[in-house]
Every structure is written in C-alpha cells, then in structure tokens.
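Notes for the one structure printed next.
Every read-out reported here was derived from the displayed coordinates using simple, explicitly stated rules and does not represent laboratory data. What you see is a predicted model; the values in this text were computed from it and never measured. Positions of Cβ are backbone-derived with ideal geometry, glycine not excepted, and every protein chain shown enters the neighbour counts.
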Amino acid sequence: MAVDWFGFGYAAAVVFGGFMGYKRKGSVMSLMAGLVFGGLSAYGALNVSNDPRDIKVSLLASGLLSIVMGVRYKKSRKLMPAGIICGLSLLMVFQLLLHVGV
C-alpha cells in the first residue's frame, strides 16, 4: 500500500489556507470551506492510498476547488489565496489523472 503523500499534503494546504483566511480576515466561510474541502481531499487521499485507481473523491474535490478558486482569481487578480489554491488544485487534478493513466 503506497501512501498518497501529494494528496495528504494538498489536503493540509487547503485546511491551512482556510484557517489563515479565518485568522487574517475573520472569514468563517474560508474556515468552513477549508475544512470541508480539506476533509474531502484527505478522505480522497486515503482512498487513493488504499486503491490507486479510486480517484473519484480526490478528483471531485480538487476539480471543484480549482474551478471555484479560478473564478475568484479571475475576478480579483490576487495571487493570494485564490491563485495559489487554484494552481495547487490544477496540479492535483493533473497528478491524479496521470497517476491513473487517463
């Protein structure tokens, strides 16, 4: 059983980003979104660790987050946090698709 370190690292980055949004701006929505998407990503990483072909949850979480944060980046043109999370999410999507061989 190979551990999906990229997936768990991505999940930790998403949770950390949500926490920092709450700490700096007092945004409860950032905290909730970080916890929800980070939890989904961690669950997806656990699924990928157990079965390398089971990428559905990870792909859904990272794909949806890349779209949402991509739209936010396009509107605000601020690299932090929308651009960075969008970029990380896109990298995660590509990594998952290459991992399975789609």
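Looking only at region 60-88, which residues are among the aliphatic types (A, V, I, L, M) and over 9 Å from the mean Cα position of the chain (by Cα)?
The answer is LEU60, ILE67, VAL68, MET69, VAL71, LEU79, MET80, ALA82, ILE84.
Matching residues to (1) touching an Asp or Glu at 6+ places or on another chain (Cβ under 8 Å); (2) touching a residue at least 24 places away in the same chain (Cβ under 8 Å):
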residue: PHE6; (1), (2): no, yes
residue: GLY18; (1), (2): no, no
residue: LYS23; (1), (2): no, no
residue: VAL36; (1), (2): no, no
residue: ALA45; (1), (2): yes, yes
residue: VAL48; (1), (2): yes, yes
residue: LEU60; (1), (2): no, no
residue: LEU65; (1), (2): no, yes
residue: LEU88; (1), (2): no, yes
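Find the residue count for region 48-102, including only residues that are under 15 Å from ALA33 (Cβ atoms) and charged (D, E, K, R).
Residues flagged as under 15 Å from ALA33 (Cβ atoms) and charged (D, E, K, R) within region 48-102 amount to 1.
Starting from residues that are part of a helix (DSSP H, G or I) and hydroxyl-bearing (Ser, Thr, Tyr), keep the ones in region 23-50 and report whichever is nearest to the chain's Cα centre (by Cα). Please lay out each step first, then the result.
So in region 23-50, the residues part of a helix (DSSP H, G or I) come out as 23-25, 28-50.
So of that shortlist, the ones also hydroxyl-bearing (Ser, Thr, Tyr) come out as 30, 41, 43, 49.
Details: SER30: 13, SER41: 6, TYR43: 11, SER49: 16 Å.
My answer is SER41.
Quick one: in region 6-63, of everything that is of a type in the set (Val, Ile, Thr) and crowded, with 17+ Cβ neighbours inside 10 Å, which residue is nearest to ALA82 (Cα to Cα)?
Result: VAL14.
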